[in-house]
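Engineer: My structure is below; once you've seen it, I'll send some questions.
Read-outs throughout are calculated quantities, based only on the coordinates presented, and are distinct from any laboratory measurement. Keep in mind it's a predicted model, so treat the numbers as computed, not measured. All Cβ positions, glycine included, derive from the backbone under ideal geometry; neighbour counts span all protein chains shown.
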Amino acid sequence: MTEPTAPAEDAAAYIARVRAEIEADAERRRRQEPEIQRREREIERAWIDVAPPGAAGEQGELLLDRADRLSMIDVDAPLGAKPGVRHVKGTIRKATYWYLRYVTDQINALSNVLVRLVRRMDERLDGVEAAVGTGALDALIDPVAEPGQAVAEAVAAVVPTDGTVFVGAARAGALVAPIHARGQGVHGVDRDPIAILPGVRGGLDLRSGDPVEHLASSEPGSLTAIVLAGFVEDLGPTAVWTLLGDVTAALDGTGTVVVVTTDPADRDPVERDLRAGRGLAPATWAHLLERAGFAAETVAVDGDDRIDTIVVGRLG
Amino acid sequence: MRVHHFTATLSPRDAVGYHTLAVDDLLRDMGHDTTLYAQSIHPDLASRARDYRDHAGDPAADVLLYQASTGSPVADHLLGRPEPLVLDYHNLTPAEAFDPWEPHIGAELDAGRRQLARLARRAVAAVADSQFNADELIALGLDDVRVAPVLFDPPDPPDRAAGGPPTLLFVGRLAPNKRQQDLIAALAELRRHRPEARLTLIGAPSSARYEDALRAFAESVAPGAVEFAGSVPYADLVASYGTADVFVCLSEHEGFCVPVIEAMGAGLPVVARAAAVLPETVGDAGLLLSDPGPSEVAAAIDQVLDDPHLRAAMAERGRIRAATFAPERAAQIMRRALGSILEALA
């Protein structure tokens, strides 16, 4: 290459301008020419083929990084020590090195394959989560509203007046308040610690927690009635069936369950499209309660614009 | 003032080794009484330094100076000493770069970084090669950090050779943080338009596993076009700056990067990733690319090869930039930095 001539403009300014042009041109070409991305993927794949897991840019997840590190067994024993000991260690290492290398290579190969497999599973899981998009969509719709007065009175009317009642999710306690007001033992649980605050300030027994976990850990027979509201709208059929198992165990053969839910058919298009779970119609809840051994009925509610039916199941 | 000067490894061909000896000479020149200690001493330098374990019973020092560039038992020794401690910091490679390749090196680097945090708490002041390195120490809680470049002996500019295929050059150990695989990927992309283009990689491997992968990768995407020159004699290194057309550095982590300065001093255009210290070292003399893919790097190299004005501009700015790291100037800055620290401790 011959020695070039000096540029007409200031050297630093010229370099900066060329650099900006190169980056802009590369970005434009990358957008317009899918062939570039295909070639780069091919090159990247060729590197992944020869590199160990974690070396091709997919590192980042702490757990997987640790798995990478732990998956490698180093056959080279450290020899830093006093001269005499170093010689002894060196002799031992030379004598056993060939066999250790053979064994270690196989263990390393197995570990690497396992880590690669875990990484691929992690990628698949990320893909599934992205496709379902549960977390991302929650912010786009309003949370399930607190049931109105008419619903609360209808629930209180079908709940037995003795024993202890559980309400989940409780929100600010609209469903808890009428039962509490008649002097009966009742407590509510909600995942959102902020949502329960107004009810707590009003003297209701509302607790922050997962309603499903609370039910699962309830002492059998400790409850006479269970009211399920809000969170049940996001559950899929399998989760509902598991929940009914927990409800049955908590009631221990005797008691009432009340399901407060909107009918998916009545939801507006936005909520229908974006809500994480499809939800079950009251008629389906009644069907499932029957299958779980409850005597089920639907009870009409007047005066609420979202909920026109509650489902009541009785055991014993 | 009596200065006991420590380093992990003292080797004549190593950048930190050369710097350590130059700083030692500088301290003597400044009138200080210095003794150099190291954990590992190259036989050629046996008369210049003592084993650091011999220091255990010597309380004569007024100040300890430590060349911090890796995890080392020397640092543990210094952490247990009562004398004032001054650091000369050359940065540590992030462990993550080595974890997939050489986990034991990754573990050592992890330990080195934990050691550095303790050293930073223990030290009274520090000198760092670059602002990038200084910022790390400041983030670890050390307030008094001066910036002074590495002391090194730049080669005389080689004669620029004309003709031959377009040759890319990188000088540095084969190490995952230096991302030689990105250089090979860029070469593969460049060879679509310039099938005769070649890449020369000068530097000994830090990891045999990484070197094996690089060789296999090169054979897969740019067969026969990558020369793994290994560690070469100094004369060959200097000559390589004269025969190459572009110096390309895509390292994700560098603490200073002497080869970039050598390349700029030789009038070789520099294309580099805008990462770690490289924007600071290269300045306005090279094409710095933000997070580039192979096609961006290839486009930049293509432009340098095609545009004589650009090459002239880069050579001009490169020589000016390299001159700011010239030995006399660097020694002057180091003299000022160490002088003011030691004066304050006197």
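Engineer: With +1 assigned to the C-beta of every Lys and Arg and -1 to the C-beta of every Asp and Glu, and no other charges, what is the dipole magnitude of the protein assembly as shown about the Cα centre in debye, to the nearest 20?
Structural biologist: Dipole of the protein assembly as shown, to the nearest 20 debye: 1900 debye.
Engineer: Exposure proxy check: A:196, A:92 ranked by fewest other beta carbons within 10 Å?
Structural biologist: So the residues, fewest neighbours to most, are A:92, A:196.
Engineer: How far, in nm, would the chain grow between residue A:107 and residue A:181 when pulled straight, counting 0.36 nm per residue and subtracting the alpha carbon separation?
Structural biologist: Stretched fully, the residue A:107-residue A:181 segment lengthens by 19.9 nm.
Engineer: Using the alpha carbons of chain B, what is the convex hull volume per residue in cubic angstrom, as a whole number?
Structural biologist: Here the figure is 127 Å³ per residue.
Engineer: Another question about this same structure. Suppose only helical runs count, i.e. DSSP H with n ≥ 4. What mean residue ellipticity at 222 nm does that imply for chain B under -39500 (n - 2.57) per run, divided by all residues and rounded to the nearest 500 deg cm²/dmol?
Structural biologist: So the helix-based figure for chain B works out to -13500 deg cm²/dmol.
Engineer: Can you run phi through the Karplus equation (6.51, -1.76, 1.60; θ = phi - 60°) for region A:92-105 and list ³J(HN,Hα) in whole Hz, with x for Gly and Pro?
Structural biologist: 4, 5, 4, 5, 10, 4, 4, 6, 4, 4, 4, 5, 5, 4
Engineer: Charges at C-beta only: +1 for Lys and Arg, -1 for Asp and Glu. How large is the resulting dipole of region B:41-145 about its Cα centre, in Debye rounded to 20?
Structural biologist: 280 debye
Engineer: Give me a comma-separated list of calculated 3J(HN,Hα) values for region B:292-301, in order, Karplus coefficients 6.51, -1.76, 1.60 applied at θ = phi - 60°, integers in Hz, x for any Gly or Pro.
Structural biologist: Karplus values, whole Hz, x for Gly and Pro: x, x, x, 6, 5, 5, 4, 5, 5, 5.
Engineer: Here's a follow-up. Could you give the semi-axes, largest first, of the ellipsoid that matches region B:219-346, computed as the square roots of 5 times the alpha carbon gyration tensor eigenvalues and rounded to whole Å?
Structural biologist: 31, 17, 16
Engineer: Work out the length of the dipole vector of region B:253-325 about its Cα centre, built from +1 on the beta-carbon of each Lys and Arg and -1 on the beta-carbon of each Asp and Glu, and round it to the nearest 20 debye.
Structural biologist: Computed charge dipole of region B:253-325: roughly 220 debye.
Engineer: Here's another thing I want to ask about it. For residue A:307, what charge total do you get from the other residues with a beta carbon under 10 Å from its beta carbon, if Lys and Arg give +1 and Asp and Glu give -1?
Structural biologist: Computed value for this residue: -4.
Engineer: A follow-up question, please. Most exposed first by the Cβ proxy, i.e. fewest other Cβ within 10 Å, how do B:51, B:307 rank?
Structural biologist: Final ranking by Cβ density, sparse to dense: B:51, B:307.
Engineer: Would you kindly derive the ³J(HN,Hα) couplings of region B:85-100 from the backbone phi angles with the Karplus curve 6.51 cos²θ - 1.76 cosθ + 1.60 (θ = phi - 60°), listing them in order in whole Hz, with x for Gly and Pro?
Structural biologist: 10, 10, 9, 10, 9, 10, 6, 10, 5, x, 4, 4, 5, 9, 3, x
Engineer: Can you compute the FRET efficiency between residue A:125 and residue A:44 using 1/(1 + (r/R0)^6), with r the Cβ-Cβ distance and R0 = 30 Å? Round to the nearest 0.05.
Structural biologist: E between residue A:125 and residue A:44, to the nearest 0.05, is 0.90.
Engineer: OK, next. Which one of B:122, B:192, B:336 has the biggest mean-square fluctuation once chain B is modelled by GNM with Cα springs under 10 Å?
Structural biologist: The residue that fluctuates most here is B:192.
Engineer: Can you check what the net charge comes to around residue A:148, using other residues whose Cβ is under 14 Å from the Cβ of residue A:148 (Lys, Arg +1; Asp, Glu -1)?
Structural biologist: Taking every Cβ under 14 Å from that of residue A:148, the sum is -4.
Engineer: Let me ask another. Work out how much length residue B:319 to residue B:33 would gain on full extension: take 0.36 nm times their residue separation and subtract the Cα-Cα distance, in nm to one decimal.
Structural biologist: 99.3 nm
Engineer: For a footprinting-style exposure proxy, rank B:101, A:98 by other Cβ within 10 Å, fewest first.
Structural biologist: A:98, B:101
Engineer: Right, here's the next one. Taking H placed 1.01 Å from N in the peptide plane, check which residues at least 5 places from residue A:207 or on another chain put their amide H under 5 Å from its amide H.
Structural biologist: Result for residue A:207 returns A:188, A:189, A:190.
Engineer: Could you let me know the centre-to-centre spacing of region B:276-346 and region A:232-281, using Cα atoms, in angstrom?
Structural biologist: A separation of 65 Å, based on Cα centres.
Engineer: Here's another thing I want to ask about it. In percent, what relative contact order does chain B have, based on Cα pairs under 8 Å that are 6 or more apart in sequence?
Structural biologist: Value for chain B: 15 percent.
Engineer: Please state the relative contact order of region B:86-211 as a whole percent: Cα pairs under 8 Å, 6+ residues apart?
Structural biologist: Result for region B:86-211 is 24 percent.
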